[in-house]
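The values are calculated or read from the model by the stated rules, or taken from the named source; none is laboratory data. Bear in mind the structure is a predicted one, so any value in this text is a computation, not a measurement. Here the Cβ positions follow ideal geometry from the backbone for every residue, glycine too, while neighbour counts run over all protein chains shown. Just so you know, the surface numbers come from the protein's heavy atoms only, side chains and all, with ligands and any DNA or RNA stripped out. Shrake-Rupley method; radii C 1.70, N 1.55, O 1.52, S 1.80 Å.
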Amino acid sequence: MVDVGDKEATARIATASGKVLLSAETIAILKSQANPKGDVLEIARIAGIMAAKKTSALIPLCHQLNLSKVDVTVEIKEYGIYLEATAKTTSQTGVEMEALTAVSIAALTVYDMCKAVQKDIEITEIRLETKTGGKADYQRT
């Protein structure tokens, strides 16, 4: 792992997003809450939060962070599901990986919960949107 011991602990926030492309039929099933596996949006939200907390166990050489907050939103859109995760900490290193992991696992959860009703689901556009704190801030333009 990279040694961050000499870095100052600062407040850090990162937000990531992603999309799950679904058919109109699958979207209708989600809206009517008729999915065979249950409430896709809420289960995906919880899965994302849990994943952010386990990031260092999933990604080799990723620092273990004490997260102060993780927020995951899962919204139905015309193309399928939009996911967004924000992770916060006060640490010597950033929380980008936690936000990206939250979105990725939430997207995989949507896939798993919908695969019985649609076989050609696509997960796409997982990306960092913003990060603040540390050496340099980032804002996707």
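Taking every residue in the range 19-30 that is within 11 Å of Y79 (Cβ to Cβ) and pairing it with any residue that is at pLDDT 95 or above and of a type in the set (F, W, Y), at least 6 positions away or on another chain, the pairs with Cβ-Cβ distances below 8 Å are K19/Y79; K19/Y82; V20/Y111; L21/Y79; L22/Y79.
A search for C-beta distances below 6 Å between a residue of the range 95-120 that is free of Cβ contacts under 8 Å to residues at least 60 places away in the same chain and any residue that is assigned to a helix (DSSP H, G or I) and of a type outside the set (S, T, N, Q), counting only pairs 6+ apart in sequence or on different chains, returns T101/A51; T101/A52; I105/A47; I105/G48; I105/A51. Looking for something more than 30 Å from V2 (Cα to Cα) and of a type outside the set (S, T, Y) - is there at least one such residue anywhere in the range 91-109? No, that holds for no residue.
If the condition is being open to solvent by 40 Å² or more (accessible area, probe 1.4 Å) and outside any helix (DSSP H, G or I), then the range 11-40 contributes A11, I13, K19, L21, S32, Q33, A34, P36, K37, D39. Exactly one residue out of A51, A102 is open to solvent by less than 70 Å² (accessible area, probe 1.4 Å) and touching a Gly at 6+ places or on another chain (Cβ under 6 Å), and it is A102.
Criterion first (without any contact (Cβ under 8 Å) to a residue 40 or more places away in the chain, exposed (fewer than 13 other Cβ atoms within 10 Å of the Cβ) and not basic (K, R)) does S68 satisfy it?
So S68 fails the test.
Regarding K77, is this residue closer than 29 Å to D120 by Cβ, open to solvent by 60 Å² or more (accessible area, probe 1.4 Å) and at pLDDT 95 or above? Yes, satisfied. Of all the listed residues (D71, D39), the sole one being in contact with a Ser or Thr (Cβ under 6 Å, 6 or more places away or on another chain) and acidic (D, E) is D71.
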